[in-house]
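Novice: Provided herewith is a single structure, encoded as structure tokens, for subsequent inquiry.
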Amino acid sequence: MALVRACLCLFAVLVFVDGSAVRVVVQEGSDAILPCSPSTKEDLTYKLFEWKKDGQKEVFFYDAGIHYNNGRSGQDEQFRGRVSFFPDQLTSGNASITITNTKTVDSGEYSCVFPRLHPGQRYTVQLVVDKGLKDRSGENIPGVTPRPVIVTLNQTKDWALLQCEVNGASPQPDVEWQDSSGNRVGSEQPQVSEREGRFYISLQTTVTKTDHYSCVSTQNISHQIRAETYVFLSDKVFESGSGVSISGIIVGLLLVAVLVALLVATKFGSIKLCWNRELEMEQELQRERELEMEQKLLRERELEEMKQELLRECELEMEQKLLRERKLEDRQEPRKECELEEMKQKIWREGKMKTMNLDPWRERKLEEKRREIRKECKEEEMKQKIWREDGLLQLLDSPETPAEKQNGYSTGNSKEAV
């Protein structure tokens, strides 16, 4: 912390006025330390002190550990997030503050007040923020110099003629050429013209060595802007003497040797890489062929299983169809037997009537017997018809169930029942 404070103090110039007021001068953009300490040098950890600018703006406030940086409100927006103090030095009575990234609007009178000390104490610090030279083209300042334009008018192996142009500046800027070390380069008299209060300046220079060159434009509004170009003069590379030339040649040869070695290694590495790549591709193709063969065998096996399944389904369907036809025939058998029996009775009656002369009583009894037989046959036919209408569709669509076999509804049992 002591080193940081020492570095920050380098940015400030302190001037004591009348033994009480202090003047602090800093460059714009730097940090400013505003010193303050009560005459008693007592511990300020549980005391109150505050800083104000021009007697109005709240800069910093401290009251027994409570301050603007840990939740207290009321700090002026201009100083929010830019003011800090020295908490480790409160015990020695240090109430100084630091304002970071100073601006010209920060210039003014700052007061440091200890209202609860007996007697109360007040100290004043005058802060001056000096505008430094920097590029202010983004600050919307009227007449600020735009970036210069550099043109190479002529060049040979020994020298190069450069021209710098600054257009539309106000007030009139100072234009000069500098090398990469910041040294001023000799140039011709600048050509200056003025139109509508704006200045147009052209400055030429002749350079004779390889270097970076800058055209710098400076205005008295703390604005400075530059443009840079690089000039390469081939015959000036070995100006330092033969020793440097030999060293350069040796270094160049070594670089060439290294490049050749890298090229050879890269070539052999590329060949090996290509061979490995071909081997990997061949192995990949082999794996793809094996996978394709496995998939083909799997498809053939699945097709064969599907064929077997279809064949079994067809056989089962044929068996069910034959079974349904057999059941239908068995259901029609009782009716045929009944009709056959009726035909036999008819033939028998006709034969009896021809061979026998029956009396009316016997003939009536015989007729009643025949009616009973016909009635029974009709009843049996009606039962069979109702049974067929209710169960024929079910019998045609489904095979005989175990329940039917158990209840005696099989073909053989039906036939015996009839």
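Novice: So which of D43, D63, D54 ends up being of a type in the set (D, E) and either at pLDDT below 85 or surrounded by 12 or more Cβ atoms within 10 Å (Cβ to Cβ) (or both)?
Specialist: Of the residues listed, the single one that is of a type in the set (D, E) and either at pLDDT below 85 or surrounded by 12 or more Cβ atoms within 10 Å (Cβ to Cβ) (or both) is D63.
Novice: What number goes with the only condition from (1) farther than 15 Å from I33 by Cα; (2) modelled with pLDDT of 85 or more that R136 does not pass?
Specialist: (2)
Novice: Quickly run through the stretch 242-264 and pick out the residues that are of a type in the set (G, A, S) and modelled with pLDDT of 75 or more.
Specialist: Matches in the stretch 242-264: G252, A257, A261.
Novice: Okay, next question. Do you know which of the residues in the stretch 3-39 that are exposed (fewer than 12 other Cβ atoms within 10 Å of the Cβ) and either within 51 Å of the chain's Cα centre (by Cα) or of a type in the set (S, T, Y) (or both) is modelled with the highest pLDDT?
Specialist: S39
Novice: L273 - would you say it is over 30 Å from K383 (Cβ atoms), surrounded by 10 or more Cβ atoms within 10 Å (Cβ to Cβ) and either of a type in the set (V, I, T) or at pLDDT 80 or above (or both)?
Specialist: Against the criterion (over 30 Å from K383 (Cβ atoms), surrounded by 10 or more Cβ atoms within 10 Å (Cβ to Cβ) and either of a type in the set (V, I, T) or at pLDDT 80 or above (or both)), L273 does not qualify.
Novice: Additional query: Out of (1) outside any loop (DSSP other than H, G, I, E, B); (2) in contact with a Cys (Cβ under 6 Å, 6 or more places away or on another chain), the odd one out for A95 is which?
Specialist: (1)
Novice: Only one residue in R122, R116, R198 is without any contact (Cβ under 8 Å) to a residue 12 or more places away in the chain and not hydroxyl-bearing (S, T, Y), so which one is that?
Specialist: Answer to the selection: R122.
The values are calculated or read from the model by the stated rules, or taken from the named source; none is laboratory data. This is a predicted model, so every value here is computed, not measured. Heads up, the Cβs are rebuilt from the backbone with ideal geometry, glycines too, and the neighbour counts pull from every protein chain shown.
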